[in-house]
1. I want to check the label-to-label distance for Ser74 and Glu179. Put each point 7 Å from Cα in the C-beta direction and report it in nm to one decimal.
2. Around His326, which amide H atoms from residues at least 5 apart in sequence, or from another chain, sit under 5 Å from its own amide H, with H modelled in the peptide plane?
3. Express in nm, to one decimal, how much length is gained between Ala210 and Asn228 on full extension, taking 0.36 nm for each residue of separation and deducting their alpha carbon distance.
4. Just to compare against my own numbers: the Cα pair-distance distribution for the range 112-257, 5 Å bins, whole % per bin, please.
5. Out of Leu89, Leu149, Leu330, any idea which swings most in a Gaussian network model of the chain, alpha carbons joined below 10 Å?
6. If you find the alpha carbon centre of the range 264-293 and of the range 35-53, how far apart are they in angstrom?
7. Taking the Cβ-Cβ separation of Glu194 and Phe105 as r and a Förster radius of 51 Å, what is the calculated FRET efficiency to the nearest 0.05?
8. Using each residue's phi in the range 243-252, evaluate 6.51 cos²θ - 1.76 cosθ + 1.60 at θ = phi - 60° and report the 3J(HN,Hα) Karplus result to the nearest Hz, with x for Gly and Pro.
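Every number in this text was worked out from the coordinates using simple rules, so none of it is lab data. Here the structure is a predicted model, which means the values were calculated and not measured. Virtual Cβ from ideal backbone geometry, glycine too; neighbours counted across all protein chains shown.
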Amino acid sequence: MTNSDVNILAIESSCDETAAALVRNGREVLSNVIYSQIDLHTLYGGVVPEIASRKHIEKINQVIEKALKDADFSLEDVDAVAVTYGPGLVGALLVGVAEAKAIAFAAKKPLVGVHHIEGHICANYIENKELEPPFLCLVASGGHTHFVLIKDYCSYEVIGRTRDDAAGEAFDKVARAIELGYPGGPKLEKLAREGNPKAIAFPRANIDGAKYDCSFSGLKSAVLNHINSCKMKGEEVNRADIAASFQDAVIDSLTSRAMMAVEEFGVNRFAIAGGVASNGAIREAFEKVCKEKGIEFYKPSPIFCTDNAAMIGVAGYYEYIKGTRHGWDLNAVPNLKLVSR
Ligand code: KG4
Ligand code: ZN
């Protein structure tokens, strides 16, 4: 550790992962601890907000203690405490925010609130040391599907977003419809490997006058209609073909917009982020279209795609060196917007 190093203790609790990490100089992950509640929520077929909050409060101190221990750090060695303060489940966010405030207050460290989506984008800086703005990024998670222009560190412009369901939400709902259970994304991806992506022509929606916006609720309805019509005709419901054809429609919607955007905004780097970005077929499809267009393609390892605190530590670092500080009145903001600045 040198005097000029900036070490951020980061906390993430916006949904169903209780996470803490130590990040040095925005690019080096010294520890990354994630307690996933997924098994607990699987019993209910989705995230139960009150259970998530209760589990966060039970686990958060242990997770932070382990993050410090794994990095061989004490609180005195930390330069700032970064925490996700939105968007997310309010009760879940409050646990992380209250914890971060208590630690920062007691240890007399600055507090930096971080936008969860900014964290997902910044996950790309961890393993791609050469990546710098400007670039375009697709953030696709359970709650968001955003096309974002990263103009500079901490400077974002959302150029498109979903009008209804997020991509991950569509994966989860379709997975439920074909009885795969929760969490839907990874299970659907696995089943899709056995199916034919061209078997069923599911729709690819376009939004008039907003070419980077997308919509997945029509696609989800088309899947439900297909299942009903098979049942009514007494035909076999081929779940693998449905999974593969649905995934293919999502891939088409996302890659076509991405390639339009790189052309319009004249950037030669494209990144993906968020839980859906851990999908192997989506990663391969982006790799292919970017290669064809001569665009550099970036993706975080799957562990940095789904919710984690390392990404919050990276975003927290760039906010910290830019001068962002939050007061002891920092609150959870469940619908926090990623504003252009
Ligand atoms: O980023 P994330 O962990 O949490 C949110 O911020 O929402 O994303 C979770 C979402 C879920 O909807 C999940 O089904 C989806 O990401 N997901 C996937 C895959 N792994 C996770 N979707 C498609 N394929 C996957 N392999
Ligand atoms: Zn997330």
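1. 5.9 nm
2. Leu111, Val112, Gly113
3. Details: separation 18, 0.36 × 18 = 6.48 nm, distance 3.18 nm.
Result for the pair: 3.3 nm of gain on full extension.
4. 2, 9, 17, 19, 17, 13, 10, 6, 3, 2, 1, 0
5. Leu330
6. 30 Å
7. On the way: r = 53 Å, r/R0 = 1.04.
That gives a FRET efficiency of 0.45.
8. Running phi through 6.51 cos²θ - 1.76 cosθ + 1.60 with θ = phi - 60° gives 4, 5, 6, 5, 4, 5, 5, 5, 4, 4 Hz.
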